[in-house]
1. Give me 158, 192 sorted ascending by neighbouring Cβ count inside 10 Å, so fewest comes first.
2. Can you put 88, 285 in order of Cβ neighbours within 10 angstrom, beginning with the fewest?
3. May I ask you to sort 84, 213, 271 by Cβ crowding, counting other Cβ atoms within 10 Å and putting the fewest first?
4. Sketch the reach of a paramagnetic label on residue 11 as a point 7 Å from Cα along Cα-to-Cβ, and name the residues of segment 61-98 whose backbone nitrogen lies under 20 Å away.
5. Taking 7 Å along the Cα-to-C-beta vector as the label spot, tell me the residue 261-residue 155 distance in nanometres, rounded to one decimal.
6. Want the number for residue 49 to residue 191: 0.36 nm per residue separation, take away the alpha-carbon distance, what's left?
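Just so you know, all these numbers are worked out from the coordinates, no wet-lab data involved. It should be emphasised that the depicted structure is a prediction, and the values quoted were computed from it without experimental measurement. Please note: Cβ atoms are built from the backbone with ideal geometry, for glycine as well, and neighbour counts cover all protein chains shown.
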C-alpha cells in the first residue's frame, strides 16, 4: 500500500448520519494526487478519456466504463485537457452501512455484493479490476442507474433514500453479473471468509471481541456474516468464541495452579459467575472438579 497516499474520510464528503454520496465530476474536480479512502467508490465515465492508476497499475478509461475503487486502495486520476470531449464522471461513494440501515440484509443481495466489492476477503482475486468496455451495448443502462441515483440524492424528496438503495442494489448486482461474464473463473469463497474470521478470533479471544471487531476490515454485512459463519462452523459467533475461551481455561486448569478466578480472566472471561456457568454447561462439571479429575489421571 502506498503510505504516502492522502487519506480521504467519510466526513470529507458524506452528510451527517449518511452513508452515501454522489456528484458529477469534471476535469477541475478530479484529484490528481494519489489518495485512498474509508469508503467504496464506483465511478461511471460520462464523457472523455483519462488514465486511472489504482494499486500501482494504470488503465485508460473512457465513456461507458465503470471504475470500482475498494476501501483503502491508493489511486489517482490524470487526464489530457486537450481532448475534444471533457472528462466527466458520476462518482458514487458509499459504505455497506447504507444497506444495513435499511434492514435489507438478505443473503441473496450480500452473496452478490460482498465478494465483488470487498476484496480484503478474496486475496486471490484482484477486485481492483477496472471494467473496461463494460457492457458496451448496455452502457445506457448503467448511465441511467447513476443518473437516477444522482437525481434522487440531489432532489432530497420524500422516499429518496429508499429509491437510492433500490437503484444501488440493482447497480451492484448488474456489475457483479458483468464481472462473472468477463471472468467466469471468479467464485465466491465463503470458506475463506470464515477462516479469516477464525484466525482473528484465535488471536484475540482473550480480549473483548464483538462482531464489529471481526468484520471491521472486511466490509461485510453483520447479518450475512452470521449466517455463513453458522452454516460453515455449526456454531454462532458467540458460541465459537466461548468455546475458544473454555478450551484455554481447560488447558490452564490442567497445567497451572492458578485460581479459577485468575484462569477466567486469562481465558477472556470478565465475569467470574458467567465463567462458572459457561464452563459447567460446556464441560458438564465445575472448574474445580475438572482440575481434580485431570490431576487424578496424572497420578
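1. On the way: 158 7, 192 14.
Ranking 158, 192 by Cβ neighbours within 10 Å, fewest first, gives 158, 192.
2. On the way: 88 18, 285 13.
Result, fewest neighbours first: 285, 88.
3. Numbers: 84 6, 213 13, 271 10.
The most exposed by this proxy come first: 84, 271, 213.
4. Output list for this probe position: 72, 93-98.
5. Result: 6.5 nm between the two label points.
6. Working: separation 142, 0.36 × 142 = 51.12 nm, distance 3.97 nm.
Contour length minus Cα-Cα distance gives 47.2 nm.
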